[in-house]
1. Taking the number of other C-beta atoms within 10 Å as the exposure measure, put His69, His144 in order starting with the fewest.
2. Pairs of Cα atoms under 8 Å, at least six residues apart: use those to get the relative contact order of the chain, whole percent.
3. About the Cα centre of the chain, what is the dipole size in debye to 20, counting +1 per Lys and Arg Cβ and -1 per Asp and Glu Cβ, all else neutral?
4. Pick from Val121, Val80, Val19 the residue whose mean-square fluctuation is largest in a GNM of the chain, springs joining Cα atoms under 10 Å.
5. What helices does the chain have that are whole DSSP H segments, at least 18 Å long along their own axis by Cα, and with mean Kyte-Doolittle hydropathy of -1.0 or more?
6. Go through region 42-128 and name the trypsin sites (Lys or Arg not before Pro) that are in a DSSP coil and have 11 or fewer other Cβ atoms within 10 Å of their Cβ.
7. Could you calculate the FRET efficiency of Tyr113 with Cys160 from 1/(1 + (r/R0)^6), where r is the beta carbon distance between them and R0 is 45 Å, rounded to 0.05?
8. Just how far, in whole angstrom, is region 8-28 from region 39-77 if you go by their alpha carbon centroids?
Amino acid sequence: MSNPFSESDLIAVVQRTLVSVLGCTPGDVAADVAIANELDADSLDFVELRFNLEKQLGIVLPQKSVLDHLVAVLGDESQVYDKGRLTELAAYALRESFFAYRVDQVAAGMQPYEVMGCATVRNWANLCKGILDGLPERCPDCGHDKAEVSPSGRPICAACSSPLKARTGDDALAASIPGIVSRWSETRVAA
Ligand SMILES: [Zn+2]
């Protein structure tokens, strides 16, 4: 079933959630505003942001970071961190991940916490989109193959309105890593 949410739908969801979590105004939360660095969200705000996004969208956000998953797949931390800073591969993986960080946001040599600091409304919306791209092939209740957004804003079957569960954020991230690593190897060979 294809994802019934567009990037702009999900940006609007993250914006509304931040307005309620941070008590800011909609004008403060442009799509490319960094949630920690520019809106001063702290770790408790992020706990609340995550909880509210999961509840709103009916998804499970990842517990582990892209870098944790990268280390798990490679089995070798030294390919991901160099003296605690991101390697070229780590920065590439973050840009190619669901977060879709831009080149001017994430580069080799940054510290991992700096990445979290610069994550924008759009990066979080893209994470949700990557997870919602992992809906089941067919509705588990009626076998229909189209999803839609319910009036309350969750993914449901377009035929029988059953709620749909996307694979979890950690499963989705883990599944995305091997392709990223092989694209990285290809860019190395090409260079
Ligand atoms: Zn159905």
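Here, each number is a calculation from the coordinates, and none is a lab measurement. Predicted, not measured: the structure shown is a model, and the values here were computed from it. A quick note on method: Cβ atoms are made from the backbone with ideal geometry, for glycine too, and the neighbour counts reach across all protein chains shown.
1. Values: His69 21, His144 14.
Fewest-to-most ranking of His69, His144: His144, His69.
2. On the way: 281 pairs, mean separation 55.3, N = 191.
It comes to 29 percent, rounded to a whole number.
3. Values: 17 positive and 26 negative charges, 71 e Å.
In debye, rounded to 20, the chain gives about 340.
4. Between Val121, Val80, Val19, it is Val19 that shows the largest mean-square fluctuation.
5. 7-22, 43-57, 169-190
6. Details: sites: Arg50, Lys55, Lys64, Lys83, Arg85, Arg95, Arg102, Arg122; in loops: Lys64, Lys83, Arg102.
Within region 42-128, the qualifying trypsin sites (Lys or Arg not before Pro) (loop, at most 11 other Cβ atoms within 10 Å) are Lys83.
7. Details: r = 45 Å, r/R0 = 0.99.
In this case the efficiency is close to 0.50.
8. So the two Cα centres are separated by 18 Å.
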